Amino acid sequence: MTNDTSAPNESIHGEDGYLTIHGLRHHYIRWGDPEGDPVVFLHGLMNNGRYWEHVANHFSPDYTVYAPDLRGHGESDHAPGGYLVWAFAMDLRGFIEELDFEAFDLVAHSIGSRVAMSYARDHSHRLKHLVLADMGPQMADAGARGIRKSTGEARQAPGFATEREALEYFAQMYPGQPEEFLMRQLMASLTLDEATGNLTFRFDPKINEATGRAALVEIPYLWESLEHIKCPVLVIRAEKSKVLSREIAEQMVERLPNGRFVEIPEAGHQVPLHQPAEFARVIREFLAE
């Protein structure tokens, strides 16, 4: 693991940084003074670190927010070694070691929560708090089918013929946000396909491994991992979620040594998008304990 020689890109909307971990170049965004208390945010499948921009603003100036692009996403390298949870967790361990965090808070959403469970199994002594948002060791059946369907459709999608079409897509994801914000999402999420001339998503098409049959072996491992996580853990469920059922969320809290549960009303699986202010409020209150 080595620090990349590329200089960070200074921006009031976050600073870009790069690290080489296990031979892969990883991109991350930092919001806030690097001397502040670190909180790391992990995105879900087919997203990237820029996903958290509108949430990160709720944590300034009290925290320094770090949002890495998981392997195969955003500007991070695609990974010939695969996309099972252990590989993601090893990357996170390398990321923390490179940035030399003795203790930090970790907030994870969707597939990022599975990564966080795997990491925290052996490293909860480094964690002050852990937030697992709308994903458990296993998914509700409807949610699992939906995610597999969306990853399959995304792999076959032709992308966007024009920048305007792409901006309209992100405007639906982030309603009410200015075009400048939407353009940053576009640049982080899309790349030009020279063969077709379309703007297509950056993520590796092979990331469907994270939800395929190969990932079934992760389920008992992640359930058992919960019992080893000693730090305070907040399990967040979106009221309208089809991914994390209330039953699974309650079972998670029972297995965790120091777990608690909260449900955010009027939100679906993409709760950081649907209710960003409430999502941030719930987490900030938890981190302050």
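The values are calculated or read from the model by the stated rules, or taken from the named source; none is laboratory data. Computed from a prediction, not measured in an experiment: that's the story for all the values here. With ideal geometry, Cβ positions are generated from the backbone for all residues, glycine too; neighbour counts draw on all protein chains shown.
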- Query: Scanning for something over 18 Å from the mean Cα position of the chain (by Cα) and part of a loop (DSSP other than H, G, I, E, B), does the stretch 269-285 turn up at least one residue?
  - Reply: no
- Every residue from the stretch 42-77 that is within 24 Å of Lys128 (Cβ to Cβ) and of a type in the set (A, V, I, L, M): Leu42, Val55, Ala56, Val65, Ala67, Leu70
- On the given criteria, is Tyr63 farther than 20 Å from Gly94 by Cα, within 9 Å of the chain's Cα centre (by Cα) and not β-branched (Val, Ile, Thr)? no
- Message: List pairs: first residue in the stretch 126-152 and under 19 Å from Ala249 (Cβ atoms), second residue among the charged types (D, E, K, R) and at pLDDT 50 or above anywhere in the structure, Cβ distance under 7 angstrom, at least six positions apart or on different chains.
- Response: His129/Asp105; Asp134/Arg237; Met135/Arg114; Ala140/Lys242; Ala142/Lys242; Gly143/Lys242; Gly146/Lys242
- Failed criterion for Thr200 (all others in (1) closer than 26 Å to Ser76 by Cα; (2) surrounded by 15 or more Cβ atoms within 10 Å (Cβ to Cβ); (3) at pLDDT 95 or above hold): (3)
- Task: Kindly establish whether Leu70 is among the aliphatic types (A, V, I, L, M), closer than 24 Å to Arg213 by Cα, without any contact (Cβ under 8 Å) to a residue 60 or more places away in the chain and assigned to a loop (DSSP other than H, G, I, E, B).
- Result: yes
- Query: Given the stretch 159-228, what helices (runs of 4 or more DSSP H) lie entirely inside it while holding 2 or more residues that are without any contact (Cβ under 8 Å) to a residue 40 or more places away in the chain, of a type in the set (Phe, Trp, Tyr) and within 17 Å of Asn48 (Cβ to Cβ)?
  - Reply: 163-173
- Single condition Arg25 does not satisfy, out of (1) part of a strand (DSSP E or B); (2) within 20 Å of Cys231 (Cβ to Cβ); (3) more than 14 Å from the chain's Cα centre (by Cα): (2)
- Task: Could you list all residues from the stretch 173-220 that are aliphatic (A, V, I, L, M) and in contact with a Pro (Cβ under 9 Å, 6 or more places away or on another chain)?
- Result: Ile219
